[in-house]
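Here is the structure we will look at, set down as structure tokens.
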Amino acid sequence: MSKIFSYDGPVFTAMEGFANLVLLNLITLALCVPVITGGAALTALHYSVLHIVRGEEGHIYKAYFREFKANFKWATLLWIPMLVMSALILFDVWLIRNYPEMFPSALRIAFGAGFIVIGMVLVWIFPLLCHFAYDKASTYIHNAILISLANLPRTVAMLAITFLPLLAIYRAPYKSLAWLFILGISGPAWLKAWLYGSTFKKYEPKEEDDDGEIEDAGEDEGKATENKG
């Protein structure tokens, strides 16, 4: 019994993990307020929760801000276009719901497909950014699409983990405020890390490899990628 409640026991470890997720959630929320810094904040969050899942926490908050600063340029370059496209599609969805007679079925299907593709990219792109280094922003988008298709069941699960809480907040914003401030962002990110963490293992360089080359998902299995994790 004493081992259960010891410093290294499961109870203390679970409490420490919960506290870390709550603090990471509050930090990420604060850094998302300026909007433009949202991409870098999410990238740093995914870096932190992946290392929590793998039991490699270390100096978790120091690492968070280090990754926020290191990935700010690429994260912002990817975040702004994705944010604009998402806003446009959400506006189109609002128009379709309020003025359905203006939009034929084919156009509705096209908007729906576009929203799904953007969602698939979003759930993978920031985990990729925090863990792998590419030399072009387009490569992150390209590989996010490939890896999402190559791991479709995980992608569907990650989409559900991402958007179901958002739907709950939309449907009951006041009732969801407590959840949003406690685990609204870090909780889903932590759950998704359990899914993409094992997927990334397949593309990470093996310890015996000297050249650091790994294979990308899908059809681009010959490209070299630098592991940042």
| task | Quick one, can you get me the convex hull of the C-alpha atoms of segment 25-140 expressed as volume per residue in Å³? | result | 118
| field | Subset of Lys62/Lys202; Lys136/Lys175; Lys175/Lys201; Lys73/Lys175; Lys69/Lys175 violating a 32 Å alpha-carbon distance limit | value | Lys136/Lys175; Lys175/Lys201; Lys73/Lys175; Lys69/Lys175
| task | Please find the FRET efficiency linking Thr199 to Ala19, where r is the Cβ-Cβ separation and R0 is fixed at 22 Å, and quote it to the nearest 0.05. | result | 0.20
| remark: If every Lys and Arg gets +1 and every Asp and Glu gets -1 at its Cβ, then about the Cα centre segment 16-170 yields a dipole, in debye to the nearest 20, of 160
| request: Specify which residue in the list Ser86, Gly112, Tyr134 is farthest towards the positive end of the charge dipole of segment 1-137, using unit charges on the beta carbon of Lys, Arg (+1) and Asp, Glu (-1), about the Cα centre. | output: Tyr134
| said: Give me the percent of accessible area attributable to carbon and sulfur for segment 123-177, probe 1.4 angstrom. | reply: 72
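The values are calculated or read from the model by the stated rules, or taken from the named source; none is laboratory data. For clarity, every value in this text was computed on a predicted model and none was experimentally measured. Every residue, glycine among them, receives a Cβ derived from its backbone with ideal geometry; neighbour counts consider all protein chains shown. All accessible areas refer to the heavy atoms of the entire protein, side chains included, with ligands and DNA or RNA removed. Shrake-Rupley method; radii C 1.70, N 1.55, O 1.52, S 1.80 Å.
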